[in-house]
Amino acid sequence: MTEALEAAVRESLSRVIDPEIRRPITELDMVGGVVVDPTGAASVALKLTIVGCPAAATIERDVTAAIAATAGVTSVAVSVGVMTREERDALTAKLRGGRPKTLQFGPDSLTRIYAITSGKGGVGKSTMTANLAVALAGLGLRVGVVDADVFGFSIPGLLGVADAKPTQVGEMILPPVAHGVKVISIGMFVEENTAVSWRGPMLHRTIQQFLTDVFFGDLDVLLIDLPPGTGDIAISLGQLLPQAEVLVVTTPQAAAAEVAERSGLVARQTGQTVLGVVENMAGLTQPDGSVLELFGSGGGADAAARLGVDVLASIPISISLREGGDTGMPVVLAHPDDPAATAILSLASHLAARKRGLSGRHLGLSVT
């Protein structure tokens with residue numbers, strides 16, 4: 001009977017999910033010995049990935065609760081230890097599927113990759129990225145965000161994880177999770193308000209490391225927040241992820257739209273596809289229902305026409321959208337009925353309906 005109860009305890013533990021890796025702790029070999037004596041007293045050895053694991057308290061609490069809820073268990077004792085280096089190496093090899101360390105989102109990846117770009121700063125590109133990511137996660141998709149705006153990183157603050165630090169397991173980096181979104185940014189590796197002043201080779205290496213060493217797992221969608229303009233990072237991303245689809249963000253102002261168009265043209269030069277244009281700050285609705293067009297009108301449509309694509313969304317000016325960015329609570333969560341949130345949620349639904357396809361992908365099959 002004790003063997004049956006021990007098996008039941010392991011079954012309960014299989015439902016405990018590591019909050020960073022997002023997989024059952026039993027699958028990650030984090031559970032050592034499980035012993036249940038004839039009185040129903042259960043003792044479990046728990047092995048954390050690293051010393052000082054930030055999720056340690058959460059995991060221990062969830063393990064204790066899962067064991068206590070197992071029928072027949074009368075008491076719970078959890079001993080917490082740490083994996084050996086060999087065990088960590090085995091874990092990272094398992095997570096990579098036995099493959100050597102390489103680019104996670106290669107040409108055979110089924111993950112939809114959207115690069116959010118703009119010709120100039122200040123058009124709300126990062127705000128769109130953060131809210132769109134959270135909206136997609138809210139639709140049940142597995143979403144990751146790479147903040148590739150190395151010089152002007154803002155994604156951690158927009159998602160409310162400005163103080164979060166990634167966890168390193170061996171050579172693998174586990175990204176923090178915010179509102180159901182896995183996110184990585186250079187802002188998580190530098191001191192607060194530190195200016196990053198790097199040249200091309202260092203920028204390329206950083207983006208490559210984000211796409212190689214950071215373990216996102218199997219994502220449905222990866223959003224990449226690009227810096228404004230058409231510089232080194234945009235070119236590097238085109239080389240690393242030529243299959244990425246590009247969303248060009250602009251304001252209605254003609255001058256902004258003309259510059260935004262250039263970012264789409266550069267994306268095409270690297271082999272990427274321009275999916276469409278998102279027009280931000282489209283107007284401010286007044287109490288009487290009229291719309292004050294602070295930044296003019298028509299810029300999004302003009303840019304889309306010149307690029308030969310559609311305007312996928314028109315986002316009105318919103319105080320709630322701005323406030324959400326300041327507090328780290330995206331408007332799509334805090335005020336989903338806000339006009340800006342409604343437009344972003346509609347865009348997310350459109351993107352979510354574009355299923356991952358197998359066309360042109362290597363399936364790893366051979367004919368015998």
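The values are calculated or read from the model by the stated rules, or taken from the named source; none is laboratory data. Please read all numbers here as calculations on a predicted model, not as lab measurements. Heads up, the Cβs are rebuilt from the backbone with ideal geometry, glycines too, and the neighbour counts pull from every protein chain shown.
So, in the stretch 290-326, of the ones that are of a type in the set (D, E, K, R) and over 16 Å from Thr250 (Cα atoms), which residue ends up surrounded by the fewest Cβ atoms within 10 Å (Cβ to Cβ)? So that I can check it myself, show each step before the final result.
Of the residues in the stretch 290-326, the ones of a type in the set (D, E, K, R) are 293, 302, 306, 310, 322-323, 326.
Next cut, over 16 Å from Thr250 (Cα atoms) only: 322-323, 326.
Numbers: Arg322: 14, Glu323: 13, Asp326: 9.
Filtering first and then ranking leaves Asp326.
Across the stretch 123-134, a minimum of one residue is classified as among the basic types (Lys, Arg), modelled with pLDDT of 90 or more and under 30 Å from His350 (Cβ atoms). Entry remark, the stretch 32-88: residues being farther than 16 Å from Asp18 by Cα, among the hydrophobic types (A, V, I, L, M, F, W, C) and loosely packed, with under 13 Cβ neighbours inside 10 Å number 3 in total.
Here Asp213 fulfils each of the conditions (1) over 25 Å from Gly144 (Cα atoms); (2) in contact with a strand residue (DSSP E or B) (Cβ under 8 Å, 6 or more places away or on another chain); (3) surrounded by fewer than 19 Cβ atoms within 10 Å (Cβ to Cβ) apart from (1). Suppose the filter is at pLDDT 90 or above, over 30 Å from Ala254 (Cα atoms), among the aliphatic types (A, V, I, L, M) and out of contact with any Leu (no Cβ under 9 Å at 6 or more places or on another chain); does Val16 pass it? It is true that Val16 is at pLDDT 90 or above, over 30 Å from Ala254 (Cα atoms), among the aliphatic types (A, V, I, L, M) and out of contact with any Leu (no Cβ under 9 Å at 6 or more places or on another chain).
Test Arg112 against the stated conditions and say whether it is basic (Lys, Arg), crowded, with 22+ Cβ neighbours inside 10 Å and either in contact with a Ser or Thr (Cβ under 6 Å, 6 or more places away or on another chain) or modelled with pLDDT of 85 or more (or both). So Arg112 passes the test. Please enumerate the residues belonging to the stretch 1-27 that are among the aliphatic types (A, V, I, L, M), more than 18 Å from Phe216 (Cβ to Cβ) and in contact with a helix residue (DSSP H, G or I) (Cβ under 8 Å, 6 or more places away or on another chain). Val9, Leu13, Val16, Ile25 - these are the residues of the stretch 1-27 that are among the aliphatic types (A, V, I, L, M), more than 18 Å from Phe216 (Cβ to Cβ) and in contact with a helix residue (DSSP H, G or I) (Cβ under 8 Å, 6 or more places away or on another chain).
Only strands (runs of 3 or more DSSP E) wholly contained in the stretch 106-189 count here; list those with 2 or more residues that are under 25 Å from Lys355 (Cα atoms) and in contact (Cβ under 8 Å) with a residue 12 or more places away in the chain. Before you say what the answer is, go through the steps one by one.
Values: elements: 112-117, 143-147, 167-169, 172-174, 181-185.
Filter on the stretch 106-189 gives 112-117, 143-147, 181-185.
So which residues in the stretch 44-69 are touching an Asp or Glu at 6+ places or on another chain (Cβ under 8 Å) and modelled with pLDDT of 90 or more, if there are any at all? Those that are touching an Asp or Glu at 6+ places or on another chain (Cβ under 8 Å) and modelled with pLDDT of 90 or more: Leu46, Lys47, Ile59. For the criterion of being modelled with pLDDT under 95, assigned to a strand (DSSP E or B) and out of contact with any Pro (no Cβ under 7 Å at 6 or more places or on another chain), Val76 passes. Restricting attention to the stretch 196-210, the residues being hydrophobic (A, V, I, L, M, F, W, C) and surrounded by fewer than 20 Cβ atoms within 10 Å (Cβ to Cβ) number 3. Of the residues making up the stretch 41-93, those that are free of Cβ contacts under 8 Å to residues at least 12 places away in the same chain and within 16 Å of Phe215 (Cβ to Cβ) number 1. A single entry from Glu11, Glu6 fulfils the requirement of being surrounded by 14 or more Cβ atoms within 10 Å (Cβ to Cβ), acidic (Asp, Glu) and not assigned by TED's automatic domain parsing to the domain that holds Phe215: Glu6.
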